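These notes are about the structure you will find just below.
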Amino acid sequence: MEQRFNAYDLSYWEPILSGGYAQLLGAHQASLSSDHSVLEPKSIPDLLELFKRADSDLPQDLERILKYSNHLHHPGYMGHQVVPPTLVSVFAGLLSNYLNQGMAVSDMGQSATVVERKVVLEMLKALAWKDGDGIMTSGGSLGNLTALLAARQAKSQAWQDGNLKDSCVLVSADAHYSVDRAVRIMGFGEAGVVSIPVDEHRRVRAGALEGVIKATQAAGKNIIAVVGSACTTGPGVFDDLPAMAKLCKAYDLWFHIDAAHGGMLLLSEKHKRLLRGSELADSMVIDFHKMGFTPALTTTVLFKKAEDSYATFAQDAAYLWGDSDFEPWTQSGLRTVECTKLMMGLKAYANLFWLPRKELVSMMDRLVDQTKFFASEVSVREKWELLQEPDVNILCFRLKDVADAKQYEALKKLVDKGSHYWVSTKVDGKFYFRITVMNVFSELKHFKSGLEAIEEFVS
Ligand SMILES: *Cc1c(COP(=O)(O)O)cnc(C)c1O
């Protein structure tokens with residue numbers, strides 16, 4: 001007997017999904033016009049209770065989900081580095097989910113493979129890495145691990161023989177924690193993370209790096225890679241990449257750049273100077289879901305030399321790839337941790353090729369320019385101080401003469417109020433408000449009203 005499944009039936013789902021679509025668009029419009037809170041704080045146990053109710057259906061659940069999410073398209077959203085995605089990249093994400101291409105082998109993702117290729121080539125072009133290659137993977141954290149695995153294989157036969165004794169990676173303490181994790185995942189242990197001191201602007205500079213290289217080599221350790229940040233996550237600082245690249249060349253060391261946050265600026269005439277020196281690196285990670293305006297997770301790992309990209313897993317996977325006569329780049333799974341992988345490239349492709357490039361770039365420029373504008377607003381206010389002038393769209397600032405605990409309390413009140421979503425960080429043990437301007441709708445008035453609300457909360 002023929003069975004009927006509603007799960008794939010358009011006539012069944014069309015009215016329900018159209019309703020859901022209308023709810024979503026309504027929420028989007030309300031976000032843009034600040035008609036609701038950025039974030040309506042609610043305790044997780046309370047939310048669990050709410051979701052336990054027996055009347056769960058799509059419209060009601062959707063209402064709760066929308067109400068109790070952080071609204072990234074709201075101009076008061078200036079918190080973390082996650083971006084409000086463009087509508088066209090959201091559509092690309094939907095398409096990617098529907099098609100659900102496996103991608104590990106090319107016949108499970110022919111167009112997906114080509115779309116990813118175009119994205120990778122576009123970014124290689126921006127770096128002028130003519131003999132380079134790259135892949136896309138699920139996030140900057142996994143991207144850093146992928147690149148460092150290739151570095152390890154380039155400097156040893158670790159895939160076959162295990163780690164060289166006393167292997168280590170040199171990186172500043174301000175780098176994203178995923179680098180530290182990647183090193184420990186590779187089995188180098190705590191001693192495998194050798195810290196490069198930063199200068200007074202929290203930047204790695206040549207002198208400090210050379211000292212650490214010499215000391216580490218003198219101690220008989222095997223340096224697998226040096227990692228530079230473009231930029232660091234906390235204060236948003238770009239290391240001195242040209243100087244680091246030069247030293248790595250002189251000492252024959254692998255230079256990896258974690259440009260998860262700032263790498264997209266390679267496409268900006270106005271701001272690409274921040275990435276000067278990156279063309280001299282061996283590998284680089286860029287997140288499109290940060291300054292590339294795509295939904296997560298959409299990351300590329302790029303290698304200056306194409307063959308290095310195959311070093312990550314110097315592994316024989318004959319059952320998948322053994323007998324076919326293919327170009328190796330067409331088989332995604334050869335070079336990624338993922339076996340099954342969504343058509344993530346399409347989300348980046350959408351913004352790179354379906355959005356006018358000029359618009360994409362001016363959106364990126366806007367984030368940086370607005371942040372500098374906000375910084376000057378902090379500077380002219382007596383009561384406030386900046387950690388330092390911003391390199392990019394991350395800004396740290398604090399009230400001069402107010403105790404840390406009181407500032408932290410005020411931040412909590414600001415978030416509870418629902419008008420703003422800001423976060424905080426600690427630098428040298430001191431509290432700072434931290435904003436990342438990821439939203440092109442965040443105007444000076446939104447920033448000012450945040451400062452003024454904080455002033456009121458502490459008075
Ligand atoms: C965000 C970030 C990461 C982590 O990337 P995910 O995509 O969140 O895994 C790594 N490094 C830097 C510098 C970052 O800003």
Restricting the search to region 199-227, which residues are of a type in the set (Lys, Arg) and out of contact with any strand residue (DSSP E or B) (no Cβ under 6 Å at 6 or more places or on another chain)? Arg202, Arg203, Arg205, Lys214
Conditions: (1) under 30 Å from Trp354 (Cβ atoms); (2) hydrophobic (A, V, I, L, M, F, W, C); (3) out of contact with any Pro (no Cβ under 8 Å at 6 or more places or on another chain); (4) open to solvent by 60 Å² or more (accessible area, probe 1.4 Å). Val90 meets all but one. Number of the miss? (3)
Just checking, does region 135-144 include any residue being away from the ligand (no atom under 16 Å from the Cβ), in a helix (DSSP H, G or I) and open to solvent by 10 Å² or more (accessible area, probe 1.4 Å)? no
The one condition Ile223 fails out of (1) in contact with a Phe, Trp or Tyr (Cβ under 9 Å, 6 or more places away or on another chain); (2) modelled with pLDDT of 95 or more; (3) within 15 Å of the ligand (Cβ to nearest atom) is (3)
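For every residue, the table says whether it meets (1) within 25 Å of the chain's Cα centre (by Cα); (2) among the acidic types (Asp, Glu); (3) farther than 30 Å from Trp329 by Cα.
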| position | (1), (2), (3) |
| --- | --- |
| Leu25 | no, no, yes |
| Glu40 | yes, yes, yes |
| Ser43 | no, no, yes |
| Leu62 | no, no, yes |
| Gly76 | yes, no, yes |
Please enumerate the residues belonging to region 333-356 that are over 17 Å from Val90 (Cα atoms) and either within 21 Å of the chain's Cα centre (by Cα) or β-branched (Val, Ile, Thr) (or both). Arg335, Thr336, Val337, Glu338, Thr340, Lys341
Could you check, for region 154-161, whether at least one of its residues is within 16 Å of the ligand (Cβ to nearest atom), closer than 14 Å to Asp308 by Cα and open to solvent by 10 Å² or more (accessible area, probe 1.4 Å)? no
Members of region 162-171 that are surrounded by fewer than 20 Cβ atoms within 10 Å (Cβ to Cβ) and among the hydrophobic types (A, V, I, L, M, F, W, C): Leu164
Do the conditions hold for Tyr349, that is, is it among the aromatic types (Phe, Trp, Tyr), away from the ligand (no atom under 16 Å from the Cβ), open to solvent by 10 Å² or more (accessible area, probe 1.4 Å) and within 19 Å of Ala154 (Cβ to Cβ)? no
Give the residue that is nearest to the ligand (Cβ to nearest atom), with candidates limited to residues of region 172-190 that are in contact with a strand residue (DSSP E or B) (Cβ under 6 Å, 6 or more places away or on another chain) and open to solvent by less than 10 Å² (accessible area, probe 1.4 Å). Val179
Contact list please: Cβ distance under 8 Å, first residue in region 25-43 and more than 19 Å from Ser442 (Cα to Cα), second residue outside any loop (DSSP other than H, G, I, E, B) and among the acidic types (Asp, Glu), pairs at least six apart or on different chains. Pro41/Asp416
Screening Leu302, Leu297 for residues that are within 17 Å of the chain's Cα centre (by Cα), at pLDDT 95 or above, more than 23 Å from Asp107 (Cβ to Cβ) and open to solvent by less than 20 Å² (accessible area, probe 1.4 Å) leaves only Leu302
Residue in region 227-248 that is in contact (Cβ under 8 Å) with a residue 60 or more places away in the chain and more than 15 Å from the ligand (Cβ to nearest atom) present: no
So Lys130 passes all but one of these: (1) in contact (Cβ under 8 Å) with a residue 40 or more places away in the chain; (2) touching a helix residue (DSSP H, G or I) at 6+ places or on another chain (Cβ under 9 Å). Which condition number does it fail? (1)
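The values are calculated or read from the model by the stated rules, or taken from the named source; none is laboratory data. For clarity, every value in this text was computed on a predicted model and none was experimentally measured. Ideal geometry is used to build each Cβ from the backbone, glycine not excepted, and the neighbour counts take in all protein chains shown. Areas reflect the complete protein model, heavy atoms only, side chains present, ligands, DNA and RNA absent. Shrake-Rupley method; radii C 1.70, N 1.55, O 1.52, S 1.80 Å.
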